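Only one structure is covered here, and it is reproduced in the block below.
The values are calculated or read from the model by the stated rules, or taken from the named source; none is laboratory data. All values reported here derive from a predicted model rather than from experimental measurement. Here the Cβ positions follow ideal geometry from the backbone for every residue, glycine too, while neighbour counts run over all protein chains shown. The accessibility values were calculated without ligands, DNA or RNA, using every heavy atom of the protein model including side chains. Shrake-Rupley method; radii C 1.70, N 1.55, O 1.52, S 1.80 Å.
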Amino acid sequence: MAASINSKIVADKLGMDHRAFIRHLCDMVTAGTLDKDVLPQRDGSLAYEKDTRLRVGDLMALAVHLNLKKAQCDSIGAVFNRIQPAVPLVRTYVDHTELRASVGSQMGFVAAIEKLADGTGERREIVKEFGLRKVGDRIWLGMSTPAMVGLAQRAGVETASLGQMFCAIDGAERHGTKSFGGHSSKVVSVQADLLLEALVGSAEERLF
């Protein structure tokens, strides 16, 4: 069976509602760039809420159809590689230069993540001051908290752009509304070590 990726994962990576994503697939079928068998169906009818599987050729056609940016393609490719390790069809490298230059330079923010990661930080203070929570081995970033909005302003980037940069990190996931110290916020979660690597480089890079 050819390697493939779930359509809901791709839609989530693009920050898109799954129904809207399926409409794009329908447009691709009409344009002749996607096989109609890829569309999710139930009892012979189009099922917008049902997931489907996209192969690497479908992803390439989708990238052209939506005119995706490199970071978006890299983010999807990274997930594709992770869930299909035995079939190295897509090899990508995500450039986090902009994230490191803007947010990685905010050392208080980086230090807060490091303290959450190693369990030495005061969680209540960190969630209030930085809009961060630790759940398992992942860091939850409250993207619409006052702290995160303030971080974006200090870093000189739009909050939406900041969210896109975090979502481009390998394994990043979007979540619904969660509580952050009395504030409700949409969430992007990233494995702690991968978040730190994206912000300041790997341990090996930091040695040189």
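Some observations on this one:
A quick yes/no check of all residues on (1) open to solvent by 30 Å² or more (accessible area, probe 1.4 Å); (2) modelled with pLDDT under 65; (3) among the polar types (S, T, N, Q):
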position	(1), (2), (3)
92	yes, yes, yes
99	no, no, no
110	no, no, no
113	no, no, no
123	yes, no, no
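- Filtered by the rule that a residue be in contact with a helix residue (DSSP H, G or I) (Cβ under 8 Å, 6 or more places away or on another chain) and among the β-branched types (Val, Ile, Thr), the range 19-57 gives 22, 29, 33, 38, 52, 56.
- Residue within the range 135-152 that is more than 15 Å from residue 186 (Cβ to Cβ), acidic (Asp, Glu) and either modelled with pLDDT of 90 or more or surrounded by 16 or more Cβ atoms within 10 Å (Cβ to Cβ) (or both) present: no
- Restricting the range 1-15 to residues that are part of a loop (DSSP other than H, G, I, E, B) and surrounded by 15 or more Cβ atoms within 10 Å (Cβ to Cβ), the residue that is modelled with the lowest pLDDT: 3
- Selection count, the range 27-71, where residues are open to solvent by 30 Å² or more (accessible area, probe 1.4 Å) and outside any loop (DSSP other than H, G, I, E, B): 20
- Residue check for residue 161: without any contact (Cβ under 8 Å) to a residue 12 or more places away in the chain and open to solvent by 60 Å² or more (accessible area, probe 1.4 Å): no
- Scanning the range 15-55 for residues that are touching a Phe, Trp or Tyr at 6+ places or on another chain (Cβ under 9 Å), basic (Lys, Arg) and more than 22 Å from residue 176 (Cα to Cα) yields one hit, 23.
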